[in-house]
Amino acid sequence: MLTDTLYEDQRWHNTDFETLAEAAAQATLRHLALDPSAFEIAILACDDTRIADLNTEFRSKPTPTNVLSWPSSDRAAESDGAIPDAPTLPMDAELGDIAISFDTCAREAKAAGKPMQHHVTHLIVHGVLHLLGYDHIRDLDATLMEQTEVEILGTLGIDNPY
């Protein structure tokens, strides 16, 4: 399996999280012409308290968020809007780690009138793209990342979340 999930919040078990995360991660890598069997991603399925602690520690933002990512290598493109560098095997087999909060995901899905499974899938795709060097700080990078997310979600039968 591409993804390895650690459950800190048991509510995630009721969402078929491992299946959703694996499908989202595999679809992301396949869309980018990467072989999912060559890579590993660790995912922490947690709650708002835990993700707020992580957000404080790593981003100096003492609030909960929906998803956080820690890439194993910096793959970001130098030019705004350029495609990030692809991981190099076998050195980059471990792509990095993702944390996702049940509370924030559930709250956001409900507020947007979306199925929780669709929102979680979107956030895992988003997190995996971060592991692969995609970002949304610069305008053209954000456009590239959102477009790529929409394309991947479309292959999974999920409507444009934007």
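The values are calculated or read from the model by the stated rules, or taken from the named source; none is laboratory data. Predicted, not measured: the structure shown is a model, and the values here were computed from it. Note that each Cβ is placed from the backbone with ideal geometry, even for glycine, and that neighbours are counted across all protein chains shown.
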| Among (1) assigned to a loop (DSSP other than H, G, I, E, B); (2) surrounded by fewer than 17 Cβ atoms within 10 Å (Cβ to Cβ); (3) under 15 Å from the mean Cα position of the chain (by Cα); (4) of a type outside the set (S, T, N, Q), the one test that P161 misses | (2)
| task | Give the residue, chosen from A21, A25, A45, that is part of a helix (DSSP H, G or I), crowded, with 19+ Cβ neighbours inside 10 Å, on the phi < 0 side of the Ramachandran plot and out of contact with any Pro (no Cβ under 9 Å at 6 or more places or on another chain). | result | A21
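Here's the yes/no breakdown for (1) among the aromatic types (F, W, Y); (2) within 25 Å of W12 (Cβ to Cβ); (3) touching a residue at least 12 places away in the same chain (Cβ under 8 Å); (4) not in a helix (DSSP H, G or I):
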residue	(1), (2), (3), (4)
T49	no, yes, yes, no
L68	no, yes, yes, yes
D103	no, yes, yes, no
Q117	no, yes, yes, no
V120	no, yes, yes, no
G133	no, no, yes, yes
E146	no, no, yes, no
L153	no, yes, yes, no
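Matching residues to (1) buried (at least 19 other Cβ atoms within 10 Å of the Cβ); (2) under 18 Å from S69 (Cβ atoms); (3) modelled with pLDDT of 95 or more; (4) in contact with an Asp or Glu (Cβ under 9 Å, 6 or more places away or on another chain):
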site: D4; (1), (2), (3), (4): no, yes, yes, yes
site: T15; (1), (2), (3), (4): no, no, no, no
site: L29; (1), (2), (3), (4): yes, yes, yes, yes
site: A33; (1), (2), (3), (4): no, no, yes, no
site: I41; (1), (2), (3), (4): yes, yes, yes, yes
| query | When you look at R75, is it of a type outside the set (S, T, N, Q), outside any loop (DSSP other than H, G, I, E, B) and touching a Pro at 6+ places or on another chain (Cβ under 7 Å), yes or no? | reply | no
| Out of curiosity, is R11 of a type in the set (K, R), under 16 Å from the mean Cα position of the chain (by Cα) and closer than 21 Å to H118 by Cβ? | no
